[in-house]
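What follows is a single structure, written as structure tokens, with notes after it.
The values are calculated or read from the model by the stated rules, or taken from the named source; none is laboratory data. Keep in mind the model is a prediction, meaning the values are calculated, not measured. Quick reminder, even Gly has a Cβ in these numbers, built from the backbone with ideal geometry, and neighbours come from all protein chains shown. Heads up: the accessible areas ignore ligands, DNA and RNA and are worked out on the full protein's heavy atoms, side chains in. Shrake-Rupley method; radii C 1.70, N 1.55, O 1.52, S 1.80 Å.
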Amino acid sequence: MTSSASVSPRDSKTGWIHFGVVVGFLLIVSFGWGLAMGQFNWWFRKEPVAWPAGVKVNEKTFQNQSMPERFGPYRMYKEEKYADDMLSTLKIGSTLDDRRYPERKSNWYINRIYEDTREAETSPYRLWHLDVVFYTGGEVTVPHVPDICVQAGGATPTGRKELKVKLPGRKEPWDHPSFTALSYERTYQGHSQELVQYYLFDVNGIPETRRETVRLNLAIPTWRYVFYSKIQFFPLGNVESVKIADEKAGEFLRYALPAVLTQLPSAEDIEALYKQEE
């Protein structure tokens with residue numbers, strides 16, 4: 001006795017996916033890994049992307065040295081180095097970076113404090129910490145995001161949303177990027193502090209807010225050349241309110257983000273690399 005069972009579209013789709021995986025595996029076994037990659041134009045070994053020609057990076061510390069020290073009313077107040085154990089954790093300054101440095105293809109970072117010269121000395125929005133990391137090649141893993149780090153530091157998250165900012169004069173999609181905006185509380189010396197942080201990823205010249213999406217994009221088989229940057233910033237003071245902090249952060253971004261983008265490859269730079277192969 002036989003029974004007839006209907007196949008749902010979902011089951012059918014899953015079956016085709018499994019079939020595709022098996023076919024792909026057989027192609028690789030039959031024709032070789034290199035030939036299969038050539039047939040499908042897949043690249044599982046990612047190639048690094050050079051920083052723009054005007055960018056300068058310290059050969060020993062791998063700190064970016066060409067980021068403007070002033071943009072608009074903001075000027076550099078202090079520059080700080082990552083500790084050696086932090087550099088190791090972040091995979092910056094490795095022997096691989098030593099080899100890639102002469103071709104401007106090493107990882108690098110910015111760790112600076114800028115001050116808003118318009119704000120009073122006692123204002124919680126006078127000093128802003130700007131942290132930028134640049135990664136390129138197949139060793140990119142997106143190791144840290146503030147969502148995890150603030151909790152690891154003993155803080156309690158109180159909110160997460162997107163902060164949209166308009167940048168007149170910029171091309172899409174950088175004319176209206178969105179930053180992840182975090183708010184959290186921390187107890188320091190018996191007093192409760194309200195703090196905020198903001199961050200955004202630049203993946204091959206495209207803004208992105210989620211680490212999971214960044215990782216998926218970096219693994220796209222047809223992407224041969226990859227880089228990403230995490231742009232993170234926050235006011236150093238105990239904020240008066242999240243709403244005011246967001247407004248001040250938007251103001252900071254309108255001046256700081258265009259300056260940061262001059263230090264990073266663009267989507268057009270990535271396209272040029274592929275055109276060289278044609």
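Can you list the residues, at least 5 places off or on another chain, whose amide H is less than 5 Å from the amide H of Tyr225, using H built in the peptide plane?
For Tyr225, whose amide H was placed from the backbone, the distant partners under 5 Å are Glu47.
Quick check: pseudo-label points 7 Å beyond the Cα along Cα→Cβ at Thr117 and Thr89, how many nm apart are they?
Using points 7 Å along Cα→Cβ, the separation is 3.6 nm.
Probe radius 1.4 Å, ligands and nucleic acids left out: which of His129, His191 has the largest accessible area, and how do the rest follow? Working shown, then result.
Values: His129 35, His191 125 Å².
Of His129, His191, the descending order of accessible area is His191, His129.
Please go through the residue pairs Lys91/Lys161; Lys60/Lys164; Lys78/Lys166; Lys248/Lys275; Lys60/Lys171; Lys166/Lys230 and name each one whose alpha carbons sit more than 31 Å apart in this structure.
Details: Lys91/Lys161 29 Å; Lys60/Lys164 37 Å; Lys78/Lys166 28 Å; Lys248/Lys275 41 Å; Lys60/Lys171 35 Å; Lys166/Lys230 19 Å.
In this structure, Lys60/Lys164; Lys248/Lys275; Lys60/Lys171 exceed 31 Å between Cα atoms.
If you take the square roots of the eigenvalues of the alpha-carbon gyration tensor of segment 70-117 and sort them as a ≥ b ≥ c, do you get rounded (a/c under 1.5), prolate (a/b over b/c) or oblate? Write down the numbers at each step before the final one.
Working: a/c = 4.67, a/b = 1.96, b/c = 2.39.
Note, shape of segment 70-117 comes out oblate.
Stokes-Einstein D for segment 208-278 at 25 °C, 0.890 mPa s, Kirkwood Rh over Cα pairs, in µm²/s? Could the numbers behind the result be given before it?
Working: Rh = 15.1 Å.
Answer, rounded: 162 µm²/s.
Please give the FRET efficiency for Glu47 paired with Gln189, using the beta carbon to beta carbon distance and R0 = 45 Å, rounded to the nearest 0.05. Present the calculation step by step, with values, prior to reporting the outcome.
Details: r = 49 Å, r/R0 = 1.10.
Efficiency, from the Cβ-Cβ distance: 0.35.
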